[in-house]
Ligand code: ADE
């Protein structure tokens with residue numbers, strides 16, 4: 001382990017199980033595989049030190065392999081205390097010589113200690129899912145931050161935080177908003193979150209969704225995907241929104257739309273995917289049905305006001321793994337999944353590999369692009385270049401064996417003229 005700076009994981013003995021799972025995921029990540037093969041030949045990340053703060057999953061492991069193949073020195077820490085797959089972390093350390101700082105179910109202090117350890121590499125590139133690493137760099141390591149070439153950000157919540165940093169003029173290095181790439185949020189947020197959130201709910205509870213009133217709070221890309229997939233399983237879906245355009249979209253997509261105060265009284269299962277805080281809170285809990293299930297698939301564990309629920313509860317016990325029962329003074333029981341953290345990663349395995357293939361292709365190619373353009377970049381948030389985005393879609397289609405049409409010369413001409421009409 002030549003370049004290893006140290007690591008902190010649950011147990012190296014879990015490595016062989018982790019390796020099998022990483023290889024399984026890799027089979028469904030053909031775009032990332034192609035990038036890895038090219039990176040091996042061309043070494044575009046040679047000399048770079050990459051600190052990544054991402055969910056430690058098999059898909060992330062394949063991204064780490066790709067960055068390493070590109071010549072970078074890589075270190076990984078977790079972007080959520082409950083999402084780490086300990087066997088994946090073990091295999092990364094043992095089989096792939098990637099230092100990892102991540103232990104499933106670690107406390108808040110340990111979580112931040114791990115971010116500090118990853119930052120000790122003095123990165124030239126950072127990769128975030130939620131902007132915790134970049135926040136640490138800005139607040140606690142301004143000199144190191146000034147030397148970072150660029151960072152990438154995986155998720156909507158992180159991009160919102162980074163734009164706020166840019167607005168306040170505290171951003172110290174350029175950021176590529178991977179989340180905003182079309183080949184990321186149209187697919188990962190919609191189909192990935194849609195499916196994996198239901199996967200988390202089902203693994204935690206084994207409830208039948210058919211006939212249940214499932215309340216989706218937030219009709220962004222994640223909410224849209226979730227509402228549609230839940231409908232497909234027979235749930236009677238209610239959407240809660242604050243944006244009038246999204247509200248009308250949900251109505252025209254065929255969902256019931258109402259305020260959370262009304263939805264609270266009728267819902268059987270509640271899922272928050274808003275990116276905001278206290279969407280379901282103290283004033284709503286007493287009106288919920290006995291047995292209501294509450295969970296979150298937004299990045300942070302602030303969407304359900306759990307502190308308020310705990311204060312109101314007269315009893316609390318673990319009903320099943322990942323299911324906490326809260327008894328209210330009136331005797332009603334509410335069930336919170338995965339401590340109100342991302343239920344798809346806490347109680348399941350996150351998005352399937354085939355969709356993370358495109359998300360992480362964006363990460364790898366954005367890192368390469370940032371290195372190539374380091375001299376031109378300013379301290380602001382950049383989109384993933386359109387040609388990178390489009391190339392990922394083309395590669396994905398190719399890997400799926402699907403061909404699409406190209407414009408004829410006549411059509412190209414038609415699109416570039418204003419003279420032809422009725
Ligand atoms: N975010 C959502 N699903 C994920 C996965 N499988 N790996 C890494 N990050 C994720």
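Bear in mind that the values in this text are calculations on the coordinates, not laboratory data. Small disclaimer: the values here were computed from a predicted structure and weren't measured. Here the Cβ is made from the backbone with ideal geometry for all residues, glycine too, and neighbour counts use every protein chain on show.
With the simple model of a label 7 Å out from the Cα in the direction of the Cβ, residue 265 to residue 242 spans 2.3 nm.
One decimal place: the segment residue 251-residue 139 gains 36.0 nm when fully extended, by the rule 0.36 nm per residue minus the C-alpha distance. Volume per residue for the chain equals 174 cubic angstrom (convex hull of Cα atoms).
Can you check what the Kirkwood hydrodynamic radius comes to for region 131-239, Cα pairs only, in Å to one decimal? Averaging 1/r across every pair of different Cα atoms and inverting gives 15.9 Å. Placing one equal scatterer on every Cα of region 269-422 and applying the Debye formula, the log10 ratio I(q)/I(0) at q = 0.11, 0.18, 0.20, 0.21 Å⁻¹ is -0.70, -1.04, -1.16, -1.22.
Remark: 11, 375 ranked as 375, 11, counting other beta-carbon atoms within 10 Å and listing the fewest first. Remark on region 29-129: ratio of C-alpha radius of gyration to 2.2 N^0.38 Å is 1.02.
Extension gain, residue 419-residue 308: 0.36 nm per intervening residue step, less the Cα-Cα distance, totals 33.6 nm. The Rg/Rh ratio of region 335-374, with Rg taken over Cα atoms and Rh as the Kirkwood radius over Cα pairs, comes to 1.26.
If the segment from residue 409 to residue 202 were pulled out straight at 0.36 nm per residue, it would be longer than the present Cα-Cα gap by 69.4 nm. Residue order for 64, 165, 252, 288, fewest other beta carbons within 10 angstrom first, comes to 252, 165, 288, 64. Distance from the Cα centroid of region 190-266 to that of region 41-92 is 33 Å (rounded to whole angstrom).
Taking other C-beta atoms within 10 Å as the exposure proxy, 314, 279, 94 rank 314, 94, 279 from fewest upward. Taking a virtual spin label 7 Å from the Cα of residue 27 along the C-beta vector, which residues in region 344-370 bring their backbone nitrogen under 20 Å of it? Within reach of a label on residue 27, which here means backbone N under 20 Å from a point 7 Å along Cα→Cβ, region 344-370 contributes 349-358. Summarising the strand pairing of the chain, around 20 percent of its internal DSSP beta bridges are antiparallel.
Between residue 122 and residue 210, the simple label model (points 7 Å from Cα in the Cβ direction) yields a spacing of 6.2 nm. The tail of the calculated P(r) for region 207-325, taken as Cα-Cα distances beyond 23 Å, holds 25 percent of the pairs.
Applying 1/(1 + (r/R0)^6) with R0 = 51 Å to the Cβ-Cβ distance of residue 330 and residue 46 gives a FRET efficiency near 0.20. Extending 7 Å from the Cα toward the beta-carbon at both residue 186 and residue 37 defines two label points whose distance is 2.6 nm.
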